[in-house]
1. Here is a check on your reading of the model: is residue 36 more than 18 Å from the chain's Cα centre (by Cα), surrounded by 19 or more Cβ atoms within 10 Å (Cβ to Cβ) and hydroxyl-bearing (Ser, Thr, Tyr)?
2. Given the criteria over 16 Å from the mean Cα position of the chain (by Cα), under 15 Å from residue 66 (Cβ atoms) and of a type in the set (Asp, Glu), does residue 171 qualify?
3. At pLDDT below 95, among the charged types (D, E, K, R) and either part of a helix (DSSP H, G or I) or touching a His at 6+ places or on another chain (Cβ under 9 Å) (or both): is that true of residue 113 in this structure?
4. So which residues in the range 133-178 are in a helix (DSSP H, G or I), of a type in the set (S, T, N, Q) and surrounded by fewer than 21 Cβ atoms within 10 Å (Cβ to Cβ)?
5. From the list 126, 64, 91, pick out the single residue that is closer than 30 Å to residue 145 by Cα, free of Cβ contacts under 8 Å to residues at least 40 places away in the same chain, under 16 Å from the mean Cα position of the chain (by Cα) and surrounded by 15 or more Cβ atoms within 10 Å (Cβ to Cβ).
6. Check 75, 111 and return the single one that is free of Cβ contacts under 8 Å to residues at least 12 places away in the same chain, closer than 22 Å to residue 130 by Cα and hydrophobic (A, V, I, L, M, F, W, C).
7. For the range 72-88, does any single residue satisfy the condition of being within 22 Å of residue 14 (Cβ to Cβ) and either among the charged types (D, E, K, R) or surrounded by 14 or more Cβ atoms within 10 Å (Cβ to Cβ) (or both)?
Amino acid sequence: MPRKTDARARAIATAVRLFRIQGYTATGLTQIIDESGAPKGSFYFHFPRGKAQLAEEAIDHYVASRISLLREISANTAGHALKFVHQIFAAFAAEMVASDFQYGCLMQNLANELPALDAELTKRVARGFIDSTEIVAEHFRECGFASARASSTAAALVAAVEGARTIARLERTPAIFQALADVSVRGWAAPKG
């Protein structure tokens, strides 16, 4: 009976962490293999196409986690646009603090690097933004926003979160998330049709 290991999952988790901290180009396969503890032979067994295949799976894992978090926040704030927005900002601020301001968004980091490197990975990252933005728009529609307004508000919220992460990393404080929450109180997330 073949022995089961968690080498594949560890490699994906390590890639997610490193891509979030240092980006795609600065993260080498040797570093991923060393930090994940996966044997080199095992790595190529699980990822025969190498770093590109690992990046695909890291993106998919990250997007699934992000969508799961957004769905959980949506369920906890059903019918409340403002509470939804505040919980999103709070969740991302808490994540920044917990990572000691190390973690950026994997999709944002890769989006800044990949267009010149890999068209297929770029499409996968774009799809991740589209899918997670749609979860946010869906919540706003359920709160009574007209479809067009729900979509534009969701796009603005996602852009604000991504920008806030960058600022929080640079300033090493989650204050920008509170500033965005304060702006939302003044009507940004209030339903108007």
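The values are calculated or read from the model by the stated rules, or taken from the named source; none is laboratory data. Model, not experiment: these values are computed from the prediction. No Cβ is skipped: glycine too gets one built from the backbone with ideal geometry, and neighbour counts run over all protein chains shown.
1. On the way: more than 18 Å from the chain's Cα centre (by Cα): yes; surrounded by 19 or more Cβ atoms within 10 Å (Cβ to Cβ): yes; hydroxyl-bearing (Ser, Thr, Tyr): yes.
Considered against the rule, which asks whether it is more than 18 Å from the chain's Cα centre (by Cα), surrounded by 19 or more Cβ atoms within 10 Å (Cβ to Cβ) and hydroxyl-bearing (Ser, Thr, Tyr), residue 36 comes out as yes.
2. On the way: over 16 Å from the mean Cα position of the chain (by Cα): yes; under 15 Å from residue 66 (Cβ atoms): no; of a type in the set (Asp, Glu): yes.
It is false that residue 171 is over 16 Å from the mean Cα position of the chain (by Cα), under 15 Å from residue 66 (Cβ atoms) and of a type in the set (Asp, Glu).
3. Numbers: at pLDDT below 95: yes; among the charged types (D, E, K, R): yes; either part of a helix (DSSP H, G or I) or touching a His at 6+ places or on another chain (Cβ under 9 Å) (or both): yes.
So residue 113 passes the test.
4. Of everything in the range 133-178, those that are in a helix (DSSP H, G or I), of a type in the set (S, T, N, Q) and surrounded by fewer than 21 Cβ atoms within 10 Å (Cβ to Cβ) turn out to be 133, 147, 151, 152, 166, 178.
5. Details: 126 fails: surrounded by 15 or more Cβ atoms within 10 Å (Cβ to Cβ); 64 fails: surrounded by 15 or more Cβ atoms within 10 Å (Cβ to Cβ).
Among 126, 64, 91, only 91 is closer than 30 Å to residue 145 by Cα, free of Cβ contacts under 8 Å to residues at least 40 places away in the same chain, under 16 Å from the mean Cα position of the chain (by Cα) and surrounded by 15 or more Cβ atoms within 10 Å (Cβ to Cβ).
6. Working: 111 fails: free of Cβ contacts under 8 Å to residues at least 12 places away in the same chain.
Unique residue meeting the criteria: 75.
7. Step one: filter the range 72-88 for residues within 22 Å of residue 14 (Cβ to Cβ), giving none.
Checking the range 72-88: not a single residue is within 22 Å of residue 14 (Cβ to Cβ) and either among the charged types (D, E, K, R) or surrounded by 14 or more Cβ atoms within 10 Å (Cβ to Cβ) (or both).
A quick yes/no check of all residues on (1) closer than 21 Å to residue 95 by Cα; (2) assigned to a helix (DSSP H, G or I); (3) in contact with a Gly (Cβ under 9 Å, 6 or more places away or on another chain):
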position	(1), (2), (3)
10	yes, yes, yes
14	yes, yes, yes
17	yes, yes, no
24	yes, no, no
31	no, yes, no
34	no, yes, no
45	no, yes, no
48	no, no, no
53	no, yes, no
